[in-house]
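The values are calculated or read from the model by the stated rules, or taken from the named source; none is laboratory data. Small disclaimer: the values here were computed from a predicted structure and weren't measured. Glycine also receives a Cβ, built like all others from the backbone with ideal geometry; neighbour counts cover every protein chain displayed. For the accessible areas, the whole protein counts, side chains as well, though only heavy atoms, and no ligand, DNA or RNA atoms are used. Shrake-Rupley method; radii C 1.70, N 1.55, O 1.52, S 1.80 Å.
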Amino acid sequence: MAGEIKPLRLKRQSAPKPKPSQAASQPVAKVLVDSGLLHIDQEFDFLVPQEFANSAVPGTLVKVPFNRKRVLGVVMSRSEKSEFPGELRYIAEVVYQFPVIVPTVLELAAAVTRHYGGTRWDVFRFALPVFSKRNERRAQQRASKGIGHVMAKGDPRYPAAFWDAVRREPSDTHRVRAFWNAPPAEDPFVFLTTLITNIQGSTLVLLPDLADIERLGRMLNESGILDQQNVLLWHSQLSRSEREDVFLQILHGRSLIVLGVRGAVFLPIQDLDLIILWDEGSETYLEQRAPYFHAREVAIMRSHIEKTHLIFGAAAPSLQSAMYIKKRYLGQLSPARETIKNQMITVQAIDQPNAPEEQGRISSRAWKVIKSGIAMGPVLVQVPMRGYVQSLSCRNCRNKALCSCGGKLYLPAKERQPECSLCRNIFYSWICQYCSSNQLYLAQIGDIKVLEELGRAFPNQAIFSSNADHRINCIPNKPLLVIATPGAEPIAAEGYSAAVVLNSALLLDRASLDAEVVARRRWFALATLIKPQGTLFIDADLRNRNIQALLRWDAFGVSMKEIEERESLSLPPTVRSLEITGTEGSVHMLLAGLPNSVIYTQTTHTNSGETQILLRIPEHLGVDVVADVISKARSQSARGMSVARVKIDPISL
């Protein structure tokens, strides 16, 4: 209709906000911005509003306008003027009214990026929780007071000079750096508890997983020496609010005991006197996200920065720790040989491979060890694989049973037909492509199959199963069977009377440079779970040098022999190693111009189709070559190109 009046459309506009007044003193703040870009790891100048003049101090977490959005940043310093010729923008928000990143963590983040690449904000993501909008007063009320404790007596089996040294406050000229060789047939956490309760200042203890953290926490609380408020746990199962609470207690506390996984190495612990890394060869200490750090190396960096005592511990050292011992960076700490001799276990292995009693998935000797052990207490059976039957082979020619697609055949459960592990094709009738036999052999059995067979052999016996999905932490001291996968072994109250390791060849024959190292670490660790004079049977050749080392309880000696072999072949850890992954062009760009002494492996391709190459670098060139490769990766990021990922000293080759 011509005379119809259209409804009014109002235009909504935001009035421009007046610029805040800048701080009267030191109005310019240098802020390290979380840009998310590899090549931007630098401070930018921002103006400090007067309302934040007293709170925006170095170490404070703020939000700033950057690249048309509001991002997190850390105030690094304050000054009176800026050298930037343009107009500066103001800090938009202060997340907390006090610093959350202490100077030592700032210095540690810089050291980590120099060693591993990446940015300092890559490190801060492990050092900071996700902060909420809670008020400052509530946060400080939750902070731990850090009450001191009466120091316990040291273990007399270790030198008195060690206890005197570790009790003294560390300094430039006095610091303990040691590798502790855990003795056999003894819970290592008993010694760790004694060690922790002999430190007056704060202690950081890094552990492989949550089960270890909770168990050591219980032992410390039950010791009666420490205030329970002083023992704080840091792990991935904490909720967002719990992580924030624990972080703030650590930030404001004193004389604390912090137990955590690898990320805890970046926590802002005050008056830190001792860093302990238990089971330092565990794969869990390697971070799978940028900057791909290893907690062992970061612990060394932090120990240097804060001048703390440093103790690594394990039943068997990793080759990297053995190198530190060889170079005399770490000293060796272990009880007297007489102590080890008095509580040494009996180690058995296959000495006659062709004898009938040594044959079978569970040999007759293994059955005898289980039967005799269960009459005296709990018995542990360690199985390297989970599931039912993970690999089948031809009963006649023993070649692997394969699908036409190349995948191996396996049995998912009892009374199920063989399936292909790749295409999931089900085989109701299978014919060997080599000898035309149709009979299958169970080549690699998992924990479920072992549980089934032991259940038939011991029908009236209690049997427990422990694995990553269903882990049992501890068991009573009574006759029972425990089937466990590596790393999920329950702790027996008074130790196992016997333990059996099945299918050891699966671990030793892995296509990995560290297959022997992993096997040695697991076998020595297993020996600490057994009672004194108990029995450990391993279904491997008795002549294997790791079993011979187990008989002598000499993991360091066999590690040194392996290091000598690797030195002659220029293999890690005697040389530096770099793993570069990305598009073919980005990888080759990083390789250009490297010294001729750098050894390249053959280029391979990952499952996602990316190009991957491994470099081995002589130790004297390691720092320069790593810096050059990281610099080229930053250049790729600055030019908007595809950026190759660089891992420094990967543990699996």
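Whether a residue is under 19 Å from residue 506 (Cα atoms), open to solvent by 10 Å² or more (accessible area, probe 1.4 Å), out of contact with any helix residue (DSSP H, G or I) (no Cβ under 6 Å at 6 or more places or on another chain) and not in a loop (DSSP other than H, G, I, E, B) was assessed, and residue 451 passes this test. Of the candidates 197, 173, the single residue that is open to solvent by less than 20 Å² (accessible area, probe 1.4 Å) and β-branched (Val, Ile, Thr) is 197. Only one of the numbered conditions (1) open to solvent by 50 Å² or more (accessible area, probe 1.4 Å); (2) touching a strand residue (DSSP E or B) at 6+ places or on another chain (Cβ under 8 Å); (3) part of a helix (DSSP H, G or I) is not met by residue 625, and that is (1).
Listed conditions (1) in contact (Cβ under 8 Å) with a residue 60 or more places away in the chain; (2) surrounded by fewer than 20 Cβ atoms within 10 Å (Cβ to Cβ) are all met by residue 328, apart from (1). Considering only residues in region 234-255 that are open to solvent by less than 10 Å² (accessible area, probe 1.4 Å) and touching a Ser or Thr at 6+ places or on another chain (Cβ under 7 Å), the one that is farthest from residue 274 (Cα to Cα) turns out to be 244.
Quick grid of which residues meet (1) open to solvent by 60 Å² or more (accessible area, probe 1.4 Å); (2) at pLDDT 95 or above:
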residue: 309; (1), (2): no, yes
residue: 314; (1), (2): no, yes
residue: 318; (1), (2): no, yes
residue: 339; (1), (2): no, no
residue: 358; (1), (2): no, no
residue: 362; (1), (2): no, no
residue: 367; (1), (2): yes, no
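Screening the candidates 559, 586, 504 for the property of being of a type in the set (S, T, N, Q) and closer than 30 Å to residue 632 by Cα yields one hit, 586.
Counting only strands (runs of 3 or more DSSP E) that sit wholly inside region 480-592, those with at least 3 residues that are touching a Ser or Thr at 6+ places or on another chain (Cβ under 7 Å) and open to solvent by less than 30 Å² (accessible area, probe 1.4 Å) are 481-484, 530-541. Suppose we keep only residues that are free of Cβ contacts under 8 Å to residues at least 24 places away in the same chain and either assigned to a loop (DSSP other than H, G, I, E, B) or more than 24 Å from residue 418 (Cα to Cα) (or both) within region 454-464. Which one would you say is most open to solvent (accessible area, probe 1.4 Å)? Out of the qualifying residues, it is 460. Applying the selection to region 252-264, what residues are in contact with a Phe, Trp or Tyr (Cβ under 8 Å, 6 or more places away or on another chain) and not in a strand (DSSP E or B)? Across region 252-264, the qualifying residues are 261, 262, 263, 264. Within region 562-587, the only residue that satisfies the criterion of being within 23 Å of the chain's Cα centre (by Cα) and of a type in the set (Gly, Ala, Ser) is 577.
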